[in-house]
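Below is one structure, written out as structure tokens; the observations come after it.
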Amino acid sequence: MSTRGHPNSYIDFLHRKVHEGRFFSGGHYVASLANGGTIDILFQNGEHAFHGVPEVITGGDATLQLYEGTTFSAPGTAVTMSNHNRNAATQTLSGATHTPTVTAVGTQMNGTILIPGGKNNSSGASGEFSQEFVLKPNTTYMMRVTNISGVAQAVSAIAKGYVPTL
């Protein structure tokens, strides 16, 4: 199907999802995450697949891991997932929370990513998986960020992505 002449013809795919009101982001920031401390973001995927890319911004070395089939006894605090099209009333159907009480992490996906932000007196860095994950409907996922810098650091764990149909 040609989109020639359509107003969205010359914008990339993700930009188009923003225009359609289907691109969302949200996250959790910790100003001083202890060395060895973690930030857990839980995604309770609804009836639609969420196409997401987890991202971490940190003041020092950190790791990022993704888990599928996480179980919990308490979901934690809601993360506001903001629609990037501020004219759209659409909300994502995937629920995100931080600081859940995890009973089992589930199956780790795609190994561990090192975010090389430095040790002790560090300069900071950001990292993410290079491509999106298509998260299965009706499945719980968790991203875990661990500070391995040697000292407390400021860390942000961010979820961004789109829902293909709403």
Residue 126 is checked against (1) in a strand (DSSP E or B); (2) modelled with pLDDT of 85 or more and fails just one. What number does that condition carry?
(2)
Residue by residue through region 86-115, note down the ones that are buried (at least 16 other Cβ atoms within 10 Å of the Cβ) and in a loop (DSSP other than H, G, I, E, B).
92, 93, 94, 99, 100, 105, 106
Residue list for region 134-154, restricted to those being over 14 Å from residue 35 (Cα atoms) and either surrounded by fewer than 20 Cβ atoms within 10 Å (Cβ to Cβ) or over 17 Å from the mean Cα position of the chain (by Cα) (or both)
134, 136, 137, 138, 139
If we keep just the residues of region 57-85 that are over 30 Å from residue 19 (Cβ atoms) and among the aliphatic types (A, V, I, L, M), which is surrounded by the fewest Cβ atoms within 10 Å (Cβ to Cβ)?
74
Considering only region 60-71, I want to know if a residue exists there that is farther than 19 Å from residue 149 by Cβ, part of a strand (DSSP E or B) and touching a Gly at 6+ places or on another chain (Cβ under 6 Å).
yes
Restricting region 155-166 to residues that are within 28 Å of residue 47 (Cβ to Cβ) and under 17 Å from the mean Cα position of the chain (by Cα), which is surrounded by the fewest Cβ atoms within 10 Å (Cβ to Cβ)?
164
Regarding region 136-146, can at least one residue be identified that is farther than 28 Å from residue 46 by Cα and either among the charged types (D, E, K, R) or at pLDDT below 95 (or both)?
no
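The values are calculated or read from the model by the stated rules, or taken from the named source; none is laboratory data. This one's a predicted model, so the numbers in the text were calculated from it and none came from an experiment. Note: ideal-geometry Cβ built from the backbone for every residue, glycine included; neighbour counts use all protein chains shown.
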